[in-house]
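Everything on this sheet refers to the single structure shown next.
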Amino acid sequence: MIELLRDVRVLECTVLPTGDRAGRLLGDLGAQSIKIEQPGTGDTLQDPHLRAREIIHESVHPVAGPFTTVGWPAPVEGQPFDVERHAPTLGEHTEEILAEIGYSADDIHALRKQGIV
């Protein structure tokens, strides 16, 4: 087969034709394609095999709300995947980090008063 797109890299953002079909067509023509999907959608999150293996993980962030993500791709029996800590919100750990690197409570208060943190 003639690879018309050899050495071409494509960011694939297709809706129609479907992502799988578009990726195969690009690959058949020699292109290297990377599929880009909207968060929370796409083939991976809908894959029945991954859902049956509990690789797709549903969780709730305390601020952002419910979300779906791909968990550990190689599950081990007896060791379930879980999100132990949510992604921090902006500034959530600022005081802890400043204290760890030596700022006193008064220093941190002064930084807050000045609008620095």
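Tabulated values for the structure
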read-out: Arg6 vs. criteria of a type in the set (D, E, K, R), at pLDDT below 75 and out of contact with any Ser or Thr (no Cβ under 9 Å at 6 or more places or on another chain); value: yes
read-out: Test: residue in region 34-55 that is of a type in the set (Gly, Ala, Ser), assigned to a loop (DSSP other than H, G, I, E, B) and at pLDDT 80 or above; value: no
read-out: Set Ala52, Ala31, Ala87, Ala110: member being under 30 Å from Arg6 (Cβ atoms) and among the small types (Gly, Ala, Ser); value: Ala31
read-out: One residue from Gly30, Gly23 being surrounded by 13 or more Cβ atoms within 10 Å (Cβ to Cβ), touching a residue at least 12 places away in the same chain (Cβ under 8 Å) and part of a loop (DSSP other than H, G, I, E, B); value: Gly30
read-out: Checklist (1) among the hydroxyl-bearing types (Ser, Thr, Tyr); (2) assigned to a loop (DSSP other than H, G, I, E, B); (3) assigned by TED's automatic domain parsing to the domain that holds Ile55 applied to Tyr103, failing item; value: (3)
read-out: Scan of region 62-117 for residues that are among the β-branched types (Val, Ile, Thr), surrounded by 10 or more Cβ atoms within 10 Å (Cβ to Cβ) and over 30 Å from Gln46 (Cα atoms), ordered by number; value: Thr94, Ile97, Ile108, Val117
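The values are calculated or read from the model by the stated rules, or taken from the named source; none is laboratory data. Just so you know, these numbers come straight off a predicted model, no measurement behind them. Cβ sites come from the backbone with ideal geometry, for glycine too, and all protein chains shown count toward neighbours.
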